[in-house]
Amino acid sequence: MASSSSQSPDAAERSLCTRRVLGAALAVAALAWAPLVDAQALERAGELWPQAESPRPYWPGEHALELWLWTPLVTLGGCALFLAPGLALAAALGSASAMGRWLLHALALSLLAVSALAGVLGAFAPGLSRGAPFGWSVAALALLASLWLVHRVRTGPRLPWPAQPAALVAPSVVAAWLALALLAPKFHWESFNGDGVHAFESTRLLLVQPTPFWPQEAGDIRGFPGLTSMLFAFPGAWFLRLFGENEGAARVSVVLYLLGVFAAIAALIEDARGRVRALESVLVWCALLVYLLVMAFSASYDPYSADIALPATQDTLTVACVLGAIGASLRGDRAWTALFTALSYVSLPSGLMLLGLWLIAAFVFVRPRPLRGLAAMALALAACALAARAAPVALAALGQPLPGGEYESLLARFAYLQLSDVRRLAFALAPCGIVPGLVLLGWRWFDPLSRALACVALAYFAFFYVQAYVSLHHFVPAMLLPLAAFWRSGPVAAPPTAVRARWAVALGLLAALWLSWPSSWRPLVHARRIGERLHAQVEGYEHSAPASLAAASALRHLFPPGLAAEVPESSYGGSPYIWNRYAQRELRDGARVDYWLTRDDAPPPQGAERVANEGGCTLYVRDREVWRADRSVELPHPPGAPLYAIDRGRLFLGAKPRSEGPAIIDLRALRRRLGQ
């Protein structure tokens with residue numbers, strides 16, 4: 001008879017699982033404590049922005065420990081803190097059978113749980129909705145979820161646990177730290193561009209109301225986001241709540257989304273081969289870092305700089321959600337398929353397109369057909385479409401602003417076509433490391449799922465390739481989907497060819513890094529300098545009052561918009577919301593003021609000349625010669641690597657190209673001629 005002091009096999013297993021849970025909780029806590037004790041770290045890093053104009057902006061000198069060690073550690077801690085509730089909930093629901101799936105499902109659940117917590121705190125406990133108190137509130141939520149997980153471990157059915165989690169976690173932490181440390185000036189110092197400031201203002205809106213939608217009286221800014229482009233704003237608002245309303249907080253969420261993409265790729269590999277090797281994790285992360293470099297410096301509508309705040313955050317999160325939906329549909333997990341499908345739907349219109357392509361490709365190529373998962377995806381898409389129809393009515397009934405409609409119909413883009421710009425092939429191949437995209441042409445090497453993914457990537461690329469007016473960020477899914485298809489199967493998975501394939505991947509990554517190397521690394525801070533000399537006497541900006549954003553429309557008379565024909569060749573220009581962001585709200589002693597933005601009923605500044613009146617606001621200039629000098633300043637352009645440069649006239653639908661290039665086929669004009 002066994003000793004009475006010995007444990008039964010079931011009790012021993014539960015005790016082991018409990019120790020694993022406690023070990024994981026301690027590992028997360030080892031990262032998450034940093035933002036709880038120093039939530040102002042990103043604010044301090046941002047205040048060092050004048051160093052962007054130094055001869056060596058990427059060498060922080062006396063601030064090396066702050067920018068290269070402590071601030072990245074605080075940021076990583078914030079990501080771990082926000083992921084913690086999802087990790088506990090996902091493990092309690094049985095998703096921790098493999099590390100990639102666990103991380104991905106944790107991201108999805110945190111998107112729901114932390115966003116709900118932030119909304120509740122903002123409505124009923126505003127004192128807990130900002131800074132360290134918000135961080136501690138998230139930690140309390142994670143603790144409650146962890147207690148439920150421990151209860152499930154000790155009393156419920158046996159829960160799975162991933163083998164060798166360090167093979168994924170260690171490369172992820174190192175890669176995230178490298179990105180945050182080496183690109184610190186880009187994250188924290190560079191001025192917002194038009195896309196970035198638009199994303200920042202819409203995300204900041206969630207700090208004062210439950211939706212990121214603007215009312216009519218806010219003016220032109222109300223066009224974005226819409227129902228199918230709003231997801232990024234919710235996790236973005238977590239970082240603004242915790243770290244403050246600064247440039248770094250608006251950008252560092254991209255690291256969390258890159259982890260989501262990595263986890264989704266790892267989950268697909270795990271489904272095929274059981275586990276992901278540490279070397280594979282390193283090579284996948286190297287590709288994602290090259291992708292981040294491309295998005296941080298080259299993916300932009302702005303003539304002077306790209307902004308990580310948008311489109312990098314939004315596009316990366318979309319791909320993570322889409323890959324999550326694809327993986328869940330293959331496993332037949334109807335609930336997870338529905339959740340990731342809904343998240344994809346509200347992330348970007350391209351999410352709907354990608355899932356539609358997947359439904360077709362999976363039905364054609366995957367055997368046996370994952371009918372259960374595909375049916376769940378199709379039903380979830382239908383439900384989302386119906387909900388999108390009803391949402392404006394419901395929001396209006398609740399007295400909430402209606403969604404914007406900035407994204408035009410995808411079909412409208414086919415009014416203008418081109419067929420000969422083969423350079424666009426590099427837009428998809430280089431950011432993923434060249435080899436994964438090229439090797440997909442070796443069709444027979446891959447399993448049916450990878451072939452289906454390859455078809456989705458190819459069809460998506462072809463959709464935008466033929467359009468005359470595109471931006472680099474339109475090709476993001478074509479950059480990232482080949483990574484999932486390549487690493488799941490093919491030569492990298494077969495022992496006879498795996499070593500040679502990995503060497504080829506490493507060489508391809510070096511070539512991709514060389515091709516993607518920016519022509520200038522210097523963070524652009526000119527808009528901050530303009531803002532130092534602009535005094536905006538319009539109240540309410542600190543709490544996102546619509547009138548304070550509408551007032552920015554008058555600033556378009558100060559500098560032309562970025563789409564104007566004279567920008568950037570003969571005039572400095574951009575979005576008026578940039579200068580509104582950096583304008584002085586309280587006049588500092590001794591500060592030089594060259595421009596004033598005031599209400600119409602305010603007395604005019606002494607010695608200033610009125611130059612414009614719009615939207616109930618008046619713009620004044622102190623000295624026309626200074627104004628002329630500011631308009632004629634020459635800044636480096638175009639941004640990023642020459643490989644990804646696009647003629648500015650080909651970035652905007654219907655704009656006139658400014659230089660010679662591939663011929664544009666105007667289908668509208670052709671139709672008119674045929675009608676005559």
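Summary of values
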quantity: Among (1) aliphatic (A, V, I, L, M); (2) part of a loop (DSSP other than H, G, I, E, B); (3) at pLDDT 90 or above, the one test that VAL492 misses; calculated: (3)
quantity: Lone qualifier among VAL282, VAL254, VAL276, VAL261 - being in a loop (DSSP other than H, G, I, E, B), β-branched (Val, Ile, Thr) and in the same structural domain as TRP68 (by TED's automatic domain parsing); calculated: VAL276
quantity: Test: residue in region 571-586 that is modelled with pLDDT of 90 or more, touching a Ser or Thr at 6+ places or on another chain (Cβ under 6 Å), more than 25 Å from ALA237 (Cβ to Cβ) and among the hydroxyl-bearing types (Ser, Thr, Tyr); calculated: no
quantity: Number of positions in region 56-87 that are among the aromatic types (Phe, Trp, Tyr), in contact (Cβ under 8 Å) with a residue 40 or more places away in the chain and farther than 28 Å from TRP336 by Cβ; calculated: 2
quantity: Residues satisfying the stated conditions in region 516-569, i.e. polar (S, T, N, Q) and more than 30 Å from PRO431 (Cβ to Cβ); calculated: GLN537, SER544, SER548, SER553
quantity: Meets criteria (assigned by TED's automatic domain parsing to the domain that holds SER191, in contact with a Phe, Trp or Tyr (Cβ under 6 Å, 6 or more places away or on another chain) and modelled with pLDDT under 95) for SER54; calculated: no
quantity: Residue list for region 37-53, filter: crowded, with 20+ Cβ neighbours inside 10 Å and more than 23 Å from HIS526 (Cβ to Cβ); calculated: ALA39, ALA41
quantity: Residue in region 227-239 that is in a loop (DSSP other than H, G, I, E, B) and among the aromatic types (Phe, Trp, Tyr) present; calculated: yes
quantity: Output for region 534-555, where each listed residue is part of a helix (DSSP H, G or I) and touching a residue at least 40 places away in the same chain (Cβ under 8 Å); calculated: TYR541, GLU542, HIS543, PRO546, ALA547, LEU549, ALA550, ALA551, ALA552, SER553, ALA554, LEU555
quantity: Candidate set: region 209-234, residues that are hydrophobic (A, V, I, L, M, F, W, C) and closer than 21 Å to ILE578 by Cβ; chosen: the one surrounded by the most Cβ atoms within 10 Å (Cβ to Cβ); calculated: PHE232
quantity: Given (1) in contact with a Lys or Arg (Cβ under 7 Å, 6 or more places away or on another chain); (2) assigned to a helix (DSSP H, G or I); (3) modelled with pLDDT under 95, number of the condition LEU310 does not satisfy; calculated: (1)
quantity: Within region 97-150, tally of residues that are among the aromatic types (Phe, Trp, Tyr) and outside any helix (DSSP H, G or I); calculated: 0
quantity: Verdict on LEU227 being in contact (Cβ under 8 Å) with a residue 60 or more places away in the chain and over 17 Å from GLU43 (Cβ atoms); calculated: yes
quantity: Complete set of residues in region 8-52 that are of a type in the set (S, T, N, Q), more than 24 Å from VAL169 (Cα to Cα) and in contact (Cβ under 8 Å) with a residue 40 or more places away in the chain; calculated: GLN40, GLN51
quantity: Filter result for ALA468 (buried (at least 22 other Cβ atoms within 10 Å of the Cβ), assigned by TED's automatic domain parsing to the domain that holds PRO225, over 25 Å from ALA266 (Cβ atoms) and not basic (Lys, Arg)); calculated: yes
quantity: Subset of region 511-552 [closer than 14 Å to ARG581 by Cβ and among the acidic types (Asp, Glu)]; calculated: GLU532, GLU542
quantity: Some residue of region 338-350 being in a helix (DSSP H, G or I), of a type in the set (A, V, I, L, M) and closer than 19 Å to LEU183 by Cα; calculated: no
quantity: Residues of region 105-125 classified as over 9 Å from LEU83 (Cα atoms) and of a type in the set (Ser, Thr, Tyr), total; calculated: 1
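The values are calculated or read from the model by the stated rules, or taken from the named source; none is laboratory data. Keep in mind the model is a prediction, meaning the values are calculated, not measured. Cβ sites come from the backbone with ideal geometry, for glycine too, and all protein chains shown count toward neighbours.
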